[in-house]
Amino acid sequence: MARISSPSPPPTPSPSVLDLAPVVPVVVVEDLADAVPMARALVAGGLPAIEVTLRTPVALDAIRAIAAEVPDAVVGAGTVISTRNVEDSVAAGARFLVSPGWTESLLAAMRGSGVPFLPGVSTASEVVALLEHGVSEMKFFPAEAAGGTAYLKSLGGPLPQARFCPTGGVTADTAPAYLALKNVGCVGGSWMLPSDAVAARDWARVESLAREAAALR
């Protein structure tokens, strides 16, 4: 008699980027040598999701290095604004994508990449348009300039299905107010990477500031 095997359990879904930590560090890597120790300090402080912005010539190499050498990091690419950015970032090892805004072609490329993505929005119309496309997780940018916590709270009434990662002007002082909102999963910021600490390669200070950020919620 043929054996009937039990059906395999469904795969466990990957956690949302919005749920990995209360804060996603927004990283601008100027010196490739800083990428790995910086990422290790952030992860040690409790911030595993790291957004490396595509603003410098070494950004893709930084993503590649972090993906290869910091296994506990969930490294993503930020400032993704083109199909080429999507392709290059995923090839380098990015595990999520973040854009400051979106177009139909960029959305299609991010959706086809196979990794989670957070398209940027700053208006209710943009949120509604993404919801029509079946996208409910977004970056709210530039958060402070676009209306801050008051604006996001207002969006929560008519559009409760949308969840956000506010980024842009968010600080250690303002982050808790954002994180208290029901429609905010996490915030993006760079205050745990002060320029003087990075210049001095004071990774112990970065780790300490990351630990404080991770404890915000």
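The values are calculated or read from the model by the stated rules, or taken from the named source; none is laboratory data. Quantities reported herein were computed from a predicted structural model and do not represent experimental measurements. A quick note on method: Cβ atoms are made from the backbone with ideal geometry, for glycine too, and the neighbour counts reach across all protein chains shown.
Could you identify the single residue in S154, S195, S190 that is of a type in the set (G, A, S), crowded, with 17+ Cβ neighbours inside 10 Å and modelled with pLDDT of 95 or more? Only one candidate passes the filter, namely S190. Taken over region 128-144, the criterion of being closer than 24 Å to A59 by Cβ and surrounded by fewer than 16 Cβ atoms within 10 Å (Cβ to Cβ) is satisfied by no residue.
Considering only residues of region 182-208 that are touching a Leu at 6+ places or on another chain (Cβ under 8 Å) and not in a loop (DSSP other than H, G, I, E, B), which is farthest from E137 (Cα to Cα)? Checking each candidate, the answer is A197. I81 fulfils the conditions (1) over 14 Å from T53 (Cα atoms); (2) more than 14 Å from the chain's Cα centre (by Cα) except for a single criterion, (1). Residues of region 85-113 being closer than 25 Å to D72 by Cα and either at pLDDT below 95 or not small (G, A, S) (or both), which ones? Answer for region 85-113, where residues must be closer than 25 Å to D72 by Cα and either at pLDDT below 95 or not small (G, A, S) (or both): N85, V86, E87, D88, V90, R95, F96, L97, V98, M110, R111. Of all residues in region 46-75, exactly one satisfies the criterion of being of a type outside the set (A, V, I, L, M, F, W, C), part of a helix (DSSP H, G or I) and under 15 Å from L97 (Cα atoms), namely R64. Only one entry of R201, R163 meets the criterion of being farther than 13 Å from L42 by Cβ, basic (K, R) and over 16 Å from the mean Cα position of the chain (by Cα), and that entry is R201.
Considered as a group, the residues in region 157-178 that are touching a residue at least 40 places away in the same chain (Cβ under 8 Å) and part of a helix (DSSP H, G or I) include one that is surrounded by the most Cβ atoms within 10 Å (Cβ to Cβ), and that residue is A175.
Considering only region 110-127, state which residues are buried (at least 18 other Cβ atoms within 10 Å of the Cβ) and within 20 Å of F141 (Cα to Cα). Within region 110-127, M110, P116, F117, L118, P119, G120, V121, S122, V127 qualify.
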